[in-house]
Structure formats: C-alpha cells, structure tokens
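Below is one structure, written out as structure tokens, with a few remarks after it.
Each reported figure results from applying straightforward, stated rules to the coordinates on display, with no laboratory input. Keep in mind that what you see is a predicted model, and the values were worked out from it rather than measured. Glycine gets a Cβ as well: all are built from the backbone with ideal geometry, and neighbour counts include every protein chain shown.
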Amino acid sequence: MVLDSLAKSLREALKKINRSSLVDDRLVEEIVKEMQRALLMADVDVSLTLNITNNVEKRAKEEPVPKNSNPRNHLIKIIYEELLRILGKPREFHIKPATLMLVGLYGQGKTTSAGKIAKFYMKHGYKVVLIAADTQRVGAYEQLEQVSTSVGASFFGIYGEKDSRKVVKEGLEKFKDWDVKIIDTSGRNAIDSSLTKEITDINGIAKPDEVVLILDATIGQQAGKQAKAFNESVRITGVYITKLDGTAKGGGALSAVAATGAPILFIGTGEHMEDMEYFNPARFLSRLLGMGDFETLMAAAKEFQNEIDENSIEKMSQGKFTLKEMYDIWDQMNKPGLFKKLFDSLPMAAGGAVRKDADDQFFDESENKLKKYKVIMDSMTYWEMENPDEIKGSRVERIASGSGYNTTDVKNLLKDYKRVKDMVKNIRGNRKILSMMKKQFKGANLPEDLSNLSQ
Ligand SMILES: Nc1nc2c(ncn2[C@@H]2O[C@H](COP(=O)(O)OP(=O)(O)OP(=O)(O)O)[C@@H](O)[C@H]2O)c(=O)[nH]1
Ligand SMILES: [Mg+2]
C-alpha cells in the first residue's frame, strides 16, 4: 500500500490506544510524539505537523468525552479528525463526457496518467480519445500512441507537427463525437513563459472541462509550490498525484497540495494502467489507519437510519434478501449516493473482501441504474421478486418487453442483485460488522474496537 511506513506508525499508535487501560495525559503525550515522528518522516511540513499534533493534545486533554463514547474512542476520533485536515476537502467528480487537459513539468507522469484516466473512463463505458499535444519531446507521439493501444483508446496525433495548437484543434474536430477527450501536453523543466503560453493557448482552443495538474509525489512538499504556481498561470480544476507507491514522501506531497486549496482528484499508485484511484480524503485516511471507512460509515449510517426502517436492516441481516428487499431498500433511499456510501464504508472492516467483490463501476452507476431497475422490477411478478434466481429465458424477455428495456438490462439487474446479495452474505458472515452496524443505527458514536476490525 502507499505510505507504508506512515500507515504502520499511525496504526501502531492507534493500537496502543486500544490496548491501554487508561487514557491519561501521559498516553496522550506519548501518542502525540509518535504522530509527530511519523508525520515528519512522511515529509509533512513541520509547522503543519506541530499544528495538528498540538490540536490533538489540546483537544484530548480538554474536550469532555461524549456520553455515547469512551475515552479511547474519543481520542481516536480526535486523531482522525485532525489528520483529515491535512488531506484537504474532497471535490465532487462526476463521471460524464468531458474534455480533459493534463499539464505538468517533465517526467511527472502526464502521459502515463493520460492512459490511466482513459482506462478509468473506458471502464465506465465511455469512448475515449487521447490527443498527442506534446509536440516538444522526441518520442512523445509514439509513447502516447503506445499507451492508447495498451488501454484500447483511440489516438490522435500529427507526426512531426511542431504546433500543438494545430494538433489539438484537428484532434478535437476529428473526434468530436467521442465522449472523452484527453489532451497530453508537453512538459518543461520549470514553469516558464513558453509553457504558460502553450497551455493557455490550448486551454483557449479546447475549453476543457478539467485541467488536471500532474505532480510526482517523490518531489514531496515541492508539489505544493508547483500546484500554486500552475494555479496562478492556468485554472487548475484538480491535481493528480503520481508515484505515491514509490515514495515515503507522499505525505509531504499530499498535504502540501491540499494546503494550497487545489483539490486532489486522483492518485497514481503504480506503473500499470489500472494503478489509479479516485481520491477521497476520508476514505484514504481511514484506509491508511486501517480502520475501515468509518467516517463515511458514520455519516451514511446516520442518513440510513433516517431513511430506512429497522425492518429492512433486520431482514437484510437475518437471511432473506430477495429482489423485494433490494427494491424496498432502494425505494426508501431517496438520497443519492447513500447505498454506495454505506457499502463503501465497510470494506476494510470486512477484511477487504467486500471491496474487492464490489466493482466500483456498479456503485458509481448505481444511482443512474436505480430508476431503470425500479421500472424493470415493476414489470416483475411478486413470485419473481421473491425468487430472482428463477428468472431465466422467456421470463427475462417478458420482463424486458414489459418494462420497455432490453434483456441485457434485465440480466444486468439480476447480476447486480447477485453481487449485492453476496455482499450482504459477506457482511452477515462477519458478526462483528453486523453488531457494529447495529450500534451505528442506534446512534452510537464509534465502533468499539477499531484495531480488531482492521485485522
Ligand atoms: N511507480 C509509478 N510510476 C509512475 C506512475 N506514474 C507514472 N510513472 C512513471 O513515471 C515515468 C514518467 O512518466 P510519463 O508519463 O512519461 O511522464 P510525463 O509527465 O509524460 O513526462 P514528459 O512527457 O517527459 O514530460 C514513467 O516511467 C512512468 O512509468 C505511478 O503512479 N507510479
Ligand atoms: Mg509525456
């Protein structure tokens, strides 16, 4: 995983809290020292580190423990909240047709990331073209062409052309019907006037929905300075931090970029085309700490509690989970994203099993599918809803024609249902999670024993 040593030290600190019989000033001071050491080792800025750890110490010593928590969990919660401040605010990112321009200095990972982003969109069913606007570096054309081939995206470039503006203009025109256009621009050694002019010009021509700054995590805190400088010369909509897998300095890059206020959109975690993640600070931190995505879990559980009656949860946890239960739950969830949030919050706690089984794509699109699926389910008989495994052949055809969708949609619904059912089974098999969920629904503050959950 990324930031291995930081993760290890922070997890040790949390374990120490969990193991201690008493939370006193001495323990708080010890933990704060360990946090300081861990953050500085990960290249987090000294004053930021001190600010965070001083806050932890002050809050831990002064804040009264809420009634529904205990001193250990309260301390962990404070640590979590203070660390989260380092990572900045999440930016909402909708997967939809878009033009993206990638900018950055030499060797930061622009071309590789262009391929990864292409793959990411293609996984969601979009038609993607990569446009070779790096007309400066020898071999840039071939490199992007090769990247396009490897992910199966379309490619546009004009071999030997020196004017990147012309390439972009022609590429966008030729591929105007493609859903997603990703423009790979050329780098420089430093942000100079020729780079600023080039990307400003391309920006004017392409009018991209996203201008993504690519920054190499191994430059550590320097990433913050670069983000600031780029932001001043072109409107950056998000930052993609690459090579987080290969450096202990990742904490420096992440925190310094977050401090500039530029949102971190993606992180690169390896050289392969699938080594990329959408960056969500809370999820990233929870995973780093090995405690499951409990921030999201708590928020989702609270919403869930309001949206869903106890019956559905009981049913879900006790064995019966047919299409009918799925329909009821979906029906009660009028808040977009709730379902995804709830399940997304469980994976670490379930030892990673849920997460791996649950294809991201399913969740990202689940909101859009929801409407469609409900229409399809409305065309099913009660018996079919109760016995989804029996829906085959001519039944699929009848349901499809009754709902106005095609048989693939019906089959997808059944496939997704099976996935959710497996997840529910997974959760059911893990009594710890179940009791944790129940506690959450009763409004408890924190899972009792975080270190155990993360095993
Ligand atoms: N380990 C690791 N390597 C990466 C990652 N992203 C990119 N790289 C590597 O970084 C090197 C440079 O990547 P490029 O994509 O060519 O960088 P660039 O910004 O396009 O470079 P120029 O076009 O020369 O400006 C390559 O060897 C990539 O394999 C990452 O997330 N993890
Ligand atoms: Mg390149």
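An ellipsoid equivalent to segment 1-116, defined through the eigenvalues of its Cα gyration tensor, has semi-axes of 36, 17, 13 Å when rounded to whole angstrom and sorted largest first. Given R₀ = 45 Å, what would the calculated FRET efficiency be for Ile158 paired with Lys15, taking r from the Cβ atoms and rounding to 0.05? Efficiency at R0 = 45 Å is approximately 0.20. The three principal axes of the Cα atoms in segment 229-275 give end-to-end lengths of 31, 22, 13 Å, sorted in falling order. On the principal axes of its alpha carbon atoms, segment 147-232 extends 39, 28, 26 Å, with the longest extent given first. In order along segment 128-141, the phi-based Karplus estimate (6.51 cos²θ - 1.76 cosθ + 1.60, θ = phi - 60°) of 3J(HN,Hα) comes to 10, 10, 9, 10, 7, 9, 8, 9, 8, 7, 4, x, 5, 4 Hz; Gly and Pro are listed as x. Couplings 3J(HN,Hα) for segment 8-23, derived from phi with the Karplus relation 6.51 cos²θ - 1.76 cosθ + 1.60 (θ = phi - 60°), are 4, 5, 5, 5, 4, 4, 5, 5, 4, 4, 5, 7, 6, 7, 9, 9 Hz, where x marks Gly and Pro. The phi-based Karplus calculation (6.51 cos²θ - 1.76 cosθ + 1.60; θ = phi - 60°) puts the 3J(HN,Hα) values of segment 280-289 at 10, x, 5, 5, 4, 5, 4, 5, 4, 7 Hz, whole numbers, x for Gly and Pro. Here, segment 60-172 is characterised by an Rg to Rh ratio of 1.28, where Rg is the alpha-carbon radius of gyration and Rh the Kirkwood radius. Given Met41, Asn73, Ser5, which one lies farthest toward the positive end of the charge dipole of segment 4-86, if we put +1 on the Cβ of every Lys and Arg and -1 on the Cβ of every Asp and Glu? Going by the charge dipole, the pick is Asn73. Counted by neighbouring Cβ atoms within 10 Å, the residues Ser403, Ser255, Ser150, Ser20 run from fewest to most as Ser150, Ser20, Ser403, Ser255.
Under 1.5 on a/c is rounded, so check that first for segment 83-142, then, if it is not, pick prolate when a/b is larger than b/c and oblate when it is not; a ≥ b ≥ c are the square roots of the alpha carbon gyration tensor eigenvalues.
Numbers: a/c = 2.69, a/b = 1.32, b/c = 2.05.
Oblate, since a/c reaches 1.5 and b/c is not below a/b.
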